[in-house]
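These notes are about the structure you will find just below.
The values are calculated or read from the model by the stated rules, or taken from the named source; none is laboratory data. These numbers were taken from a predicted model, which means no experiment stands behind them. FYI the Cβ positions are ideal-geometry reconstructions off the backbone, even for glycines, and counts take in every protein chain you see.
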Amino acid sequence: MSTGIELRNITKRYGSDADAPLAVKGISFEVPAGTLTTILGPSGCGKTTTLRMIAGLESPTSGAIVMGGRDVTTLGPAERNVSMMFQSYALFPHMNVVDNVAYGPRMSGLKREEARARARDALRGVGLADFDERLPSELSGGQQQRVALARALVLEPAVLLFDEPLSNLDARLRREMREEIRSLQQRLRLTVAYVTHDQSEALAVSDQIIVMNDGVIAQCGTPQQMYGQPESEFVAGFMGEAMVFPALAHADGRVDMGPLALPSRPGVPAGIVKVAVRPEAWLIGSAVGLDATVSKLAYLGSYYEYVFETALGFVLVISADIARPLALGTRTTLSLGHQGVSIVPADEGARST
């Protein structure tokens with residue numbers, strides 16, 4: 001698959017002082033044409049700065065940005081054939097819906113009626129065929145988000161960029177709109193770079209996820225790899241909940257985590273390691289396991305969330321067995337399944353199950 005976007009050793013330093021800290025520290029990655037890559041990370045990690053450099057709104061301090069095989073590092077936004085959708089939607093409050101969407105084509109030189117016709121086609125594509133004459137103030141948050149999406153799509157960009165597009169919506173609308181964005185991206189084969197801090201959103205929409213931390217790429221991979229095979233303690237904790245426990249790896253591949261013996265893990269070097277465990281990886285009530293006592297519990301509709309007191313300390317466990325809840329103080333045993341358990345060397349190098 002051809003490369004839609006490629007970043008080559010990109011750095012970004014704000015200001016002219018050579019001693020100023022780098023916001024982005026020599027990152028390289030590719031977004032294949034027709035796919036969606038999410039850039040994920042905590043506040044201040046450099047993800048939005050990276051997106052703005054792809055858009056041409058910021059200039060890299062060094063490195064190169066290539067789109068469709070063309071070096072666009074020094075080109076402005078209008079020369080890159082890129083559309084960007086912002087968190088705030090940035091709709092013009094005095095314009096109706098169709099004129100908001102037609103604004104970009106009008107600025108590109110199309111006549112008013114031709115621009116409006118293209119705008120109506122884009123609005124139909126996002127499910128707003130009968131909303132032409134409404135003002136943004138007459139729309140719900142989800143409808144405003146769809147208008148902003150139509151306005152980005154109407155320019156038929158080679159690359160579509162999203163900066164925290166769903167953060168202003170409630171949980172139900174976020175789910176609906178992430179499905180809408182993913183469906184449109186796949187149907188139209190759009191090349192998309194998508195910035196968010198929401199791990200579940202990234203898992204739901206992405207072909208590829210890039211996790212950034214402190215200006216560098218911590219890990220890059222498919223959603224399945226990022227969740228199931230984290231390469232560091234940071235990624236394990238950031239891609240959903242995980243508790244990390246010290247452990248000892250033996251030369252034969254056995255790993256002892258306190259009183260628990262994990263199955264043999266080929267390729268894990270002998271010595272001190274860490275084990276990252278997802279809360280759903282624990283099995284409750286096994287014949288042999290870690291002695292545990294329920295110290296907290298919460299009913300969350302489709303599952304129970306328990307905190308157990310164990311020899312390893314307090315352990316968070318998620319159980320889908322809602323028909324047989326455990327009471328506070330219940331004594332039981334915990335063991336580990338094969339999924340959701342990753343070995344991370346103490347030096348943060350990559351070793352996973």
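Observations, loosely collected:
- Qualifying residue in segment 101-119 (condition: touching a residue at least 12 places away in the same chain (Cβ under 8 Å), touching an Asp or Glu at 6+ places or on another chain (Cβ under 7 Å) and not aromatic (Phe, Trp, Tyr)): no
One line per residue, one yes/no per condition, for (1) surrounded by fewer than 18 Cβ atoms within 10 Å (Cβ to Cβ); (2) over 25 Å from Arg80 (Cβ atoms):
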site	(1), (2)
Glu133	yes, yes
Ala158	yes, no
Leu166	no, no
Arg189	yes, no
Ala193	no, no
Ser200	yes, yes
Ser206	no, no
Ile210	no, no
Thr222	yes, yes
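- Scanning segment 307-321 for residues that are under 19 Å from Glu241 (Cβ atoms) and either not assigned by TED's automatic domain parsing to the domain that holds Val288 or not charged (D, E, K, R) (or both) yields Val307, Phe308, Thr310, Leu312, Gly313, Phe314, Val315, Leu316, Val317, Ile318, Ser319, Ala320.
- Of the set (1) under 15 Å from Gly340 (Cα atoms); (2) without any contact (Cβ under 8 Å) to a residue 60 or more places away in the chain, all apply to Ala270 but (1).
- Test for Asp170: is it within 24 Å of Ala23 (Cα to Cα), in contact (Cβ under 8 Å) with a residue 24 or more places away in the chain, over 12 Å from the mean Cα position of the chain (by Cα) and surrounded by fewer than 22 Cβ atoms within 10 Å (Cβ to Cβ): no
- As a summary of the residue check, Phe131 satisfies the conditions (1) closer than 16 Å to Ser167 by Cα; (2) modelled with pLDDT of 90 or more; (3) among the hydrophobic types (A, V, I, L, M, F, W, C) except for the one numbered (1).
- Yes/no for Gly44 being over 22 Å from the mean Cα position of the chain (by Cα) and either at pLDDT below 95 or small (Gly, Ala, Ser) (or both): no
Here is a yes/no grid of residues against (1) touching a Leu at 6+ places or on another chain (Cβ under 8 Å); (2) closer than 16 Å to Gln339 by Cα:
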residue: Leu248; (1), (2): no, no
residue: Leu262; (1), (2): yes, yes
residue: Leu297; (1), (2): yes, no
residue: Thr310; (1), (2): yes, no
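- From Thr196, Thr222, residue being free of Cβ contacts under 8 Å to residues at least 24 places away in the same chain and under 26 Å from Gln339 (Cβ atoms): Thr222
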